[in-house]
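The block underneath contains the structure these notes are about, expressed in structure tokens.
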Amino acid sequence: MTLRSLRIATIAGDGVGPEVTAEAKKAVDTAGGAFGFKSEWLDFPFGGVHYLETGEVLPDEAIQEIARCDALLLGAIGRPEVKPGILERGILLALRFYFDQYINLRPSRSLPGVGTPMPFRNFDIVVVRENTEDFYMGIGGRSDGTPLESSFPIRRGLYSGEGNLYLSFDRPMACAAQVGLATEPAVRRSTAWACDKARQRGEDRVTLASKSNALPIIYGFWEDVAADEAKKKSMALEVVNVDALCYHLCREPERYGVILTPNMFGDIVSDLLAGLAGGLGTAAGANIGDGLSMFEPVHGSAPDIAGTGRSNPVAAALSASLMLEHLGEVEAAKAIERAVLDYLSEGGDALPIELGGKATTTAAGDSIAAGIRARKG
Ligand code: NAD
Ligand code: IPM
Ligand code: MN
């Protein structure tokens, strides 16, 4: 019998990205050995080093090659020497938008053996973040002296168009404006997805992170469209302003299940939840679309600890587990998840340094791989 072969693109990226991606690949290869599939890795060099050496951010040919793969595993993008936004927008966001990965799924739960700011609180939350619109559109402009005039193309999986922004004032001054966008089809599809997720989890409610008291135009629209879609899905929609939601999450996270968010709030709430769960190095994520999906930890390139062995590979390994589940290798995905949970619950010095242990990135990855092999028996 020939083994099923998965073609997986990787962009390990910057800082701790390559360190944690190596451990995620180790987990996938180990799971493949145990559960009968092969992974063919296509490694791409994009990120800060490649950009500084070549000036190249993410060429079209690479996107076309990635498109022919089954999935993309990404480490982290961003380097202190490169102006913020060039690589993050040019690689990470470009991929999310190009492949129309309209859901950013970020599960967060209390983990066995992991010390947290909230001991004795058990929570199991999934953030369903709309991943294509809001203040991430790139619509806007900056001017050294008004009036500000800016024209821009708009290209998304759902639509394309163009826009103009013109601002003038009663005095010359430097200024900048960036516009958030919400469209009905984008709000509807992410709401529908969140409702389906809640139903799969046996829940009867989705919580929407909003902020219509201060930004009634965009988030009032979100609330109206999401409420209508949730009604069609026979799902209760609870609307909470995102500031209050952050407060409640810090006190009673167990009250929440599926949290639906516009793009920017989802970014912020998912880091908050990672902190509550015990560490950014444990928080996994998936960017899901109808075409190629991309799997990556919630965290960034962590330049403050890169190269020290302190990066926790758990988030990357759990992201790889989400990837295998998405690709239909459900048993292998579960084995990685169980191996991670068993490893964490043992606690002590074997934990990653981030979680109070002494294990380097590689040692933590080895423990996870050993757990995967042991699960297969
Ligand atoms: P960050 O997530 O990289 O780091 C925040 C804090 O968490 C740091 O103290 C870091 O040491 C710690 N941390 C992160 N990952 C960890 C891990 N695996 N193990 C242990 N500790 C970990 O956020 P930042 O400092 O704001 O950003 C650094 C760079 O990463 C910037 O260039 C930013 O734009 C980029 N970034 C990229 C992504 C991505 O590629 N998905 C996500 C967020 C930030
Ligand atoms: C994330 C990151 C990105 C985002 C940045 C690097 C563009 O913070 O994936 O959480 O804001 O989505
Ligand atoms: Mn983020």
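General remarks:
- Selected residue [within 22 Å of the chain's Cα centre (by Cα) and assigned to a helix (DSSP H, G or I)] from Ala209, Ala186: Ala186
- Yes/no for Asp271 being of a type in the set (Asp, Glu) and within 13 Å of ligand 1 (Cβ to nearest atom): yes
- Number of the exception - Gly328 against (1) open to solvent by less than 20 Å² (accessible area, probe 1.4 Å); (2) not in a helix (DSSP H, G or I): (1)
- Some residue of the stretch 292-301 being open to solvent by 60 Å² or more (accessible area, probe 1.4 Å) and either part of a helix (DSSP H, G or I) or not assigned by TED's automatic domain parsing to the domain that holds Ile11 (or both): no
- In the stretch 1-19, of all residues being farther than 19 Å from Leu87 by Cα and modelled with pLDDT of 95 or more, the one that is most open to solvent (accessible area, probe 1.4 Å) corresponds to Arg7.
- The residue that is nearest to Ala316 (Cα to Cα), counting only those in the stretch 280-291 that are assigned to a loop (DSSP other than H, G, I, E, B) and more than 14 Å from ligand 3 (Cβ to nearest atom), is Gly289.
- Looking only at the stretch 250-279, and only at residues there that are free of Cβ contacts under 8 Å to residues at least 40 places away in the same chain and within 16 Å of ligand 3 (Cβ to nearest atom), the one that is most open to solvent (accessible area, probe 1.4 Å): Ile268
Residues checked against (1) within 20 Å of Asn104 (Cβ to Cβ); (2) crowded, with 18+ Cβ neighbours inside 10 Å; (3) of a type in the set (Lys, Arg):
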{"position": "Pro185", "(1), (2), (3)": "yes, no, no"}
{"position": "Ala194", "(1), (2), (3)": "yes, yes, no"}
{"position": "Asp204", "(1), (2), (3)": "no, no, no"}
{"position": "Leu215", "(1), (2), (3)": "no, no, no"}
{"position": "Lys232", "(1), (2), (3)": "no, no, yes"}
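- Of all residues in the stretch 51-88 being touching a Phe, Trp or Tyr at 6+ places or on another chain (Cβ under 9 Å) and assigned to a helix (DSSP H, G or I), the one that is farthest from ligand 2 (Cβ to nearest atom): Glu65
- Residue check for Arg106: charged (D, E, K, R) and either exposed (fewer than 15 other Cβ atoms within 10 Å of the Cβ) or not in a strand (DSSP E or B) (or both): no
- Annotation note: of Ala320, Ala316, the sole residue that is assigned to a helix (DSSP H, G or I), over 30 Å from Val240 (Cβ atoms), near ligand 1 (Cβ under 10 Å from one of its atoms) and within 21 Å of the chain's Cα centre (by Cα) is Ala316.
The values are calculated or read from the model by the stated rules, or taken from the named source; none is laboratory data. None of these values were measured; they are calculated from a predicted model. For neighbour counting, all protein chains shown are included, and Cβ atoms are generated from backbone atoms with ideal geometry for every residue, glycine included. Surface areas here come from the heavy atoms of the whole protein model, side chains and all, with no ligands, DNA or RNA. Shrake-Rupley method; radii C 1.70, N 1.55, O 1.52, S 1.80 Å.
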